[in-house]
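Worksheet: one structure, shown below.
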Amino acid sequence: MNKKIYLDNAATTKIRKEVVDEMMKYFMEYYGNPSSGIYELGRTSKEAIEKARKTVATFINADDREIFFTSGGTESDNWAIKGVAFANGDKGKHIITTKIEHHAVLHTCEYLKKFGFETTYLNVDEYGMIDLEELKNSIRPDTILISVMYANNEVGTIQPIEEIGKIAKEHKIIFHTDAVQALGGVRIDVKKENIDLLSMSAHKVHGPKGVGALYIRKGVKLDNFMHGGAQERNKRAGTESVQNIVGFGKAVELMSLELDEKVAKLISLRDRFINGIKANIDDVHLNGHPSKRLPNNVNFSYKYIEGESILLWLDISGISASSGSACTSGSLDPSHVLLATGLDHGTAHGSIRFTISDETTEEEIDYVVGQMKEIVQKLRNMSPLYNTNNK
Ligand code: PLP
């Protein structure tokens with residue numbers, strides 16, 4: 001097979017043609033500033049934004065007025081956490097989150113230390129799941145925010161969001177969830193799940209990069225993050241990225257129409273992949289939850305070898321994936337998520353995440369499993385650790 005196989009859909013997804021076609025109109029034809037409602041060109045942009053807002057709101061069972069467009073998941077997470085902290089700091093300065101959040105959440109909580117906030121980081125079990133009893137026991141009179149991600153970007157574990165929402169509501173604590181990876185993989189219902197704030201990003205659902213949204217339940221007290229003009233009903237200043245918002249709306253519209261069918265297809269492909277790896281390669285460990293996991297996530301640790309070396313060989317075969325260590329970003333630290341699930345440094349270093357899309361085929365999966373079998377054996381043959389343990 002000499003075509004490229006893209007299996008890093010948790011990093012980003014390929015934008016859909018229908019999305020680009022829709023966006024192009026707002027680059028080339030309807031370029032008015034949505035704040036210039038006095039003339040038609042401005043009104044057209046404004047209407048397009050409102051249409052996208054409705055689509056996103058409907059998908060998560062929110063009201064249109066509860067959706068605020070941002071520059072993506074990172075800004076939504078920053079806004080949710082800093083916004084709650086700065087608006088509710090008089091009530092308390094304690095935040096609860098987990099050890100496996102994205103850095104957009106972890107680094108924001110760390111930053112808030114400077115302002116006197118204290119964060120409790122919940123543990124996860126071997127499957128990456130939090131313990132609801134630990135959550136309840138961590139709540140203090142000064143807890144103002146619980147931030148637990150909907151689904152993890154590395155291992156795909158889906159948290160018990162409805163139960164967390166219930167606990168937060170019982171204690172009158174604001175509940176934020178980072179749903180950047182969950183969007184497109186599960187049906188989300190902010191009302192049923194008692195979610196107060198929810199972060200989304202378009203580029204994970206075949207939309208454009210640099211746009212996302214924060215759902216803010218009506219009545220939740222939150223400071224503004226961006227200061228300036230009166231856009232987004234005075235809550236998020238800055239001229240709206242109309243074409244990106246339109247693209248986000250279109251991506252969510254298409255995704256929502258096809259979700260059930262696609263999820264069923266993804267689960268079948270994912271399980272073929274997982275079973276293929278298990279059947280063909282020894283000494284592997286499936287990271288994440290066996291069933292409560294995103295339909296597109298396949299994350300294994302391959303004992304005795306380095307994930308980075310596997311990635312290089314995969315790249316030579318035209319396959320894109322991601323590893324469980326941050327070597328590529330200049331650090332040798334293994335993933336904080338894998339360490340939190342109890343993996344030792346060596347095993348965490350030997351991890352590879354494949355994230356499929358509905359364009360992935362059975363033929364591609366079988367090919368990648370075959371390539372992995374060869375690559376892992378080749379690297380293990382060169383590994384002193386493997387040779388000592390398998391004499
Ligand atoms: N949160 C999670 C769980 C993510 O996976 C990501 C991106 O990988 C983000 C937040 C950041 O989103 P964005 O790339 O839109 O800033």
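Working note: Cα atoms of segment 175-303, range along each principal axis, descending, whole Å: 58, 29, 29. Across all Cα pairs in segment 295-386, the calculated P(r) in 10 Å bins from zero up to the longest distance comes to 16, 49, 30, 4 percent per bin. Hull volume per residue, based on the alpha-carbon atoms of segment 99-254 and their convex hull, is 127 Å³.
Computed on the Cα trace of segment 224-274, the radius of gyration divided by the Kirkwood hydrodynamic radius gives Rg/Rh = 1.30. Think of a 1.4 Å ball rolled over the protein heavy atoms: the chain then has 44 Å² of accessible area per residue. Pairs of alpha carbons in segment 146-206 separated by more than 20 Å make up 20% of all such pairs.
Of the accessible area of the chain, computed with a 1.4 Å probe over protein heavy atoms only, carbon and sulfur atoms account for 51 percent. Here T361 sits with roughly 50 square angstrom of accessible surface, probe radius 1.4 Å. Computed extension length for K17-H336: 111.3 nm, one decimal, from 0.36 nm per residue of separation with the Cα-Cα distance subtracted. Annotation: extensible slack from S291 through K209 equals 26.5 nm (criterion: 0.36 nm per residue apart, minus Cα-Cα distance). With 18 Å as the limit, the listed pairs K54/K218; K46/K191; K54/K82; K166/K191; K93/K166; K82/K114 have K46/K191; K54/K82; K93/K166 beyond it between alpha carbons.
With all pairs of different C-alpha atoms in the average, the Kirkwood value for the hydrodynamic radius of the chain is 21.9 Å. For segment 346-391, chymotrypsin sites (Phe, Trp or Tyr not before Pro) meeting the loop criterion (DSSP other than H, G, I, E, B) and having at most 16 other Cβ atoms within 10 Å: none. As a ratio to 2.2 N^0.38 Å, the alpha-carbon radius of gyration for segment 179-238 is 1.25. Of all beta bridges that DSSP places with both ends in the chain, some 55 percent have antiparallel geometry. Placing +1 on the Cβ of every Lys and Arg and -1 on the Cβ of every Asp and Glu, with no other charges, gives the chain a dipole of roughly 580 debye about its Cα centre. Check the straight Cα-Cα distances from K4 and name the lysines below 29 Å, setting aside those fewer than 8 residues away within the same chain. Excluding near neighbours in sequence, the set is K14, K17, K204, K209, K250, K262, K265, K278, K303, K373, K378. Heavy-atom accessible area with a 1.4 Å probe sorts H227, H176, largest first, into H227, H176. Residues Y127, Y215, Y31 ordered from highest to lowest accessible area at a 1.4 Å probe: Y31, Y127, Y215.
Kirkwood's formula applied to the C-alpha pairs of segment 50-143 gives a hydrodynamic radius of 15.1 angstrom.
The values are calculated or read from the model by the stated rules, or taken from the named source; none is laboratory data. Keep in mind that this is a model prediction, so the values were computed, not measured. All Cβ positions, glycine included, derive from the backbone under ideal geometry; neighbour counts span all protein chains shown. Quick note on the areas: whole protein, heavy atoms, side chains included, nothing else; ligands and nucleic acids left out. Shrake-Rupley method; radii C 1.70, N 1.55, O 1.52, S 1.80 Å.
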